Amino acid sequence: MMLDPTRSHAHVGYAIGRSFGGAVARNRIRRRLRVLLAGHAERLRPGLYLVGAQPSLDGSSAQALAQSVDDLITQI
């Protein structure tokens, strides 16, 4: 996370390595995270954010992934 008050909103990037799985699995988790983080956009201060994902998240339920994102936002 790098806060930048000159930006109008938060910019989020995703770093999901090959250890997560194939391209299909990496893209699937990236899409799921993008949707969940978009729901929290108002809670993120303007700046740059880099989000990674552990392989244990692959195949997790929507509720479990949402809880992980909520925990992450709370920590920020």
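Annotations
- With all protein chains kept in place, the per residue accessible area of the chain amounts to 66 square angstrom at a probe of 1.4 angstrom.
- For the chain, DSSP calls about 25 percent of its internal beta bridges antiparallel.
- Converting the Cα gyration tensor eigenvalues of the chain into ellipsoid dimensions via √(5λ) gives semi-axes, longest first, of 23, 14, 10 Å.
- Contact order normalised by residue count of the chain, Cα under 8 Å, 6+ apart, percent: 46 percent
- The length gained by stretching the chain between residue 18 and residue 45 to full extension, at 0.36 nm per residue less their Cα-Cα distance, is 6.8 nm.
- Of the solvent-accessible surface of the chain, computed with a 1.4 Å probe and all protein chains present, 54% belongs to carbon and sulfur.
- Rounded to 10°, Cα long-axis angle of helix 23-38 versus longest principal axis of the chain: 40 degrees
The values are calculated or read from the model by the stated rules, or taken from the named source; none is laboratory data. Because the structure is predicted, anything quoted here is derived from the model rather than measured. For accessibility, only protein heavy atoms count, side chains too; no ligands or nucleic acids. Shrake-Rupley method; radii C 1.70, N 1.55, O 1.52, S 1.80 Å.
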